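Each value in this text was obtained by applying a stated rule to the coordinates, not by laboratory testing. This is a predicted model, so every value here is computed, not measured. Note: ideal-geometry Cβ built from the backbone for every residue, glycine included; neighbour counts use all protein chains shown.
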Amino acid sequence: MNSQGDAEILHKFENACGQLKNQIARVIIGQERVVDELVMALFSGGHCLLVGVPGLAKTLLVSTVADSLGLGFSRIQFTPDLMPSDIMGTEVLEEDKAAGNRVFRFIRGPVFANVVLADEINRTPPKTQAALLQAMQEYEVTVGGKTHMLGRPFFVLATQNPIELEGTYPLPEAQLDRFMFNIQVDYPSEEEELRIVETTTNSPPDKPDKVLSGEEIVEIQQMLMKVPVSERVLSYGVRLVRASRGNEFPDISQYLSWGAGPRAGQYLMLGAKARAVMTGRTTPDIEDVRAVSRPVLRHRLVTNFHAEADGVTTEDLVGRLLESVQP
């Protein structure tokens with residue numbers, strides 16, 4: 001990129017991020033880290049899994065983002081009896097009176113939207129969960145032997161309750177790997193909770209204004225891909241990922257059945273680029289990679305029974321990776 005290109009991407013990206021975060025703040029109180037990570041993923045073209053207990057405004061956050069971007073939004077409530085056709089759509093047989101015969105017509109499902117909220121995604125069996133795999137990776141769905149393209153931009157923002165296990169189904173590793181970020185949504189602070197209770201019991205929440213179009217989002221995503229990354233930063237990201245699946249650090253490898261794959265390195269670099277540009281810099285540094293490592297890696301590490309016996313979580317292991325792998 002030349003200096004003019006650097007200035008252009010900085011200006012557009014900073015303005016877009018600032019406007020989007022301001023509109024979200026009109027509806028969502030607090031949760032700055034969650035909003036930052038969500039915005040990073042959106043402008044990187046990645047999908048997000050939001051994990052948190054009920055009542056933390058995960059669903060409201062997703063719908064607010066869709067409203068702020070002026071994008072088509074659909075909400076799918078995942079339940080044990082949900083079928084793949086309920087997500088992708090189905091073919092129906094209709095009579096063509098003009099031709100005097102019957103033809104199949106495809107009726108699109110809710111996946112044909114720009115922002116798809118997969119609410120409580122772990123409440124449906126793996127067969128139905130897998131209906132999103134092709135959409136999340138190839139941006140298309142195949143029904144009845146025919147492939148239908150999805151519009152761009154396309155985001156799957158899924159929610160999951162971490163404390164309720166009855167009637168839930170673990171997400172397949174292949175599907176988890178397609179989420180760029182696993183975003184942990186925590187309880188608000190006391191001050192934020194006071195504001196939440198006060199504002200939501202006095203009047204309806206404000207409606208966000210539309211600040212970006214779908215075409216502008218795609219343009220920003222394309223510009224972000226052109227942000228340069230130094231060899232040192234790239235090497236650190238790759239070494240961080242590879243350390244999760246090797247035996248270089250026994251205090252980490254003893255607790256892991258599987259480490260992160262190459263897609264983790266790709267998302268580390270994209271997230272680092274987005275974070276750098278959001279803070280007014282034209283190229284990411286080591287700290288940007290470290291800052292996005294937890295949401296990128298926490299759902300890609302598969303622990304073994306030793307970890308369960310010792311009470312070691314993937315969050316702990318990401319922390320050990322950051323301590324062990326030196327820049």
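What the table below lists for this structure:
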| quantity | calculated |
| --- | --- |
| In region 260-327, trypsin sites (Lys or Arg not before Pro) in a DSSP loop with at most 15 other beta-carbon atoms within 10 Å | Arg281 |
| Rounded, prolate or oblate (a/c below 1.5 giving rounded, otherwise prolate when a/b exceeds b/c) for region 9-123 by Cα gyration tensor | prolate |
| C-alpha long axis of helix 314-324 to longest principal axis of the chain, angle in ° | 40 degrees |
| Lysines with Cα under 28 Å of Lys146, excluding same-chain neighbours fewer than 8 positions away | Lys97, Lys127 |
| Range in the chain, longest, excluding exposed GluC sites (Glu not before Pro) [loop by DSSP; at most 16 other beta-carbon atoms within 10 Å] | 1-163 |
| Sorted by Cβ density within 10 Å, fewest first, the residues His11, His47 | His11, His47 |
| Additional length obtainable on full extension of the chain from Asp251 to Tyr139, 0.36 nm per residue less Cα span | 36.4 nm |
| The chain - share of DSSP beta bridges that are antiparallel (%, nearest 5) | 45 percent |
| Flagged links, alpha-carbon separation over 18 Å, of Lys21/Lys207; Lys210/Lys273; Lys58/Lys210; Lys58/Lys273; Lys12/Lys226 | Lys210/Lys273; Lys58/Lys210; Lys58/Lys273 |
| Simple label model, 7 Å out from Cα along Cβ direction - Glu287 to Asp310, nm | 3.2 nm |
| Residue of Pro250, Pro126, Pro188 that the Gaussian network model of the chain assigns the largest fluctuation, springs spanning Cα pairs under 10 Å | Pro250 |
| Relative pair counts by distance (%), Cα atoms of region 227-327, 10 Å bins | 17, 49, 25, 8, 1 |
| Three-way shape call for the chain based on the alpha-carbon gyration tensor, with the a/c threshold at 1.5 | rounded |
| Taking Val197, Val227 and counting other C-beta atoms within 10 Å, the order from fewest to most | Val197, Val227 |
| Interchain or long-range residues, amide H under 5 Å from Phe78's placed H | Asp119 |
